[in-house]
Amino acid sequence: MPATTYAVSGMSCGHCKATLTKVIGELDGVSGVEVDLDTGHVTVTGSAEPDDAVIAEVVDEAGYELTGRV
């Protein structure tokens, strides 16, 4: 399964981690989400390459900012 890592700003606590894990994990084709608060990275695994625009949209709606791929 391919994994894609994104840089996300605005994450600072366990609530941030839980929120992003939930909203990204609900997307079609996503099988796993790992949030690393220390690095500000979110790794998304799934059955296919994720759509960056869709990931950015749900991250933005959750109150964070996707700043690009790592």
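Can you send over the carbon and sulfur percentage of the accessible area for the chain, probe radius 1.4 Å, protein chains only? Intermediate values should be presented prior to the final figure.
Working: 1960 of 3980 Å².
Ligands and nucleic acids excluded, carbon and sulfur give 49 percent.
At 7 Å along Cα-to-Cβ for each site, give me the label-to-label distance between Thr21 and Thr39 in nm.
Reported label-point gap for Thr21 and Thr39 is 1.7 nm.
Would you mind telling me which residue in Gly40, Gly32, Gly14 has the biggest mean-square fluctuation in a Gaussian network model of the chain, where springs connect alpha carbons within a distance under 10 angstrom?
Fluctuation is largest for Gly14.
Label Ser31 and Ser47 with points 7 Å out from Cα along Cα→Cβ: what is the distance between them in nm?
0.9 nm
Using the alpha-carbon atoms, what tilt in degrees (0 to 90, nearest 10) does helix 52-61 show relative to the longest principal axis of the chain?
30 degrees
So what's the angle, to the nearest 10 degrees on a 0 to 90 scale, between helix 14-25 and the longest Cα principal axis of the chain?
Here the helix axis deviates by roughly 20 degrees.
At q = 0.13 Å⁻¹, work out log10 I(q)/I(0) for the chain with the Debye formula, treating every Cα as an identical point scatterer and leaving solvent out; two decimals please.
For the chain, the Cα-only Debye profile gives -0.28.
When the dipole is taken about the Cα centre of the chain, and only Lys, Arg (+1) and Asp, Glu (-1) are charged at their Cβ, what size is it in debye, to the nearest 20?
For the chain, the charge dipole is close to 220 debye.
The values are calculated or read from the model by the stated rules, or taken from the named source; none is laboratory data. Worth saying up front: this structure is predicted, and the values here are computed from it rather than measured. Virtual Cβ from ideal backbone geometry, glycine too; neighbours counted across all protein chains shown. Accessible surface areas use protein heavy atoms only, side chains included; no ligands, DNA or RNA. Shrake-Rupley method; radii C 1.70, N 1.55, O 1.52, S 1.80 Å.
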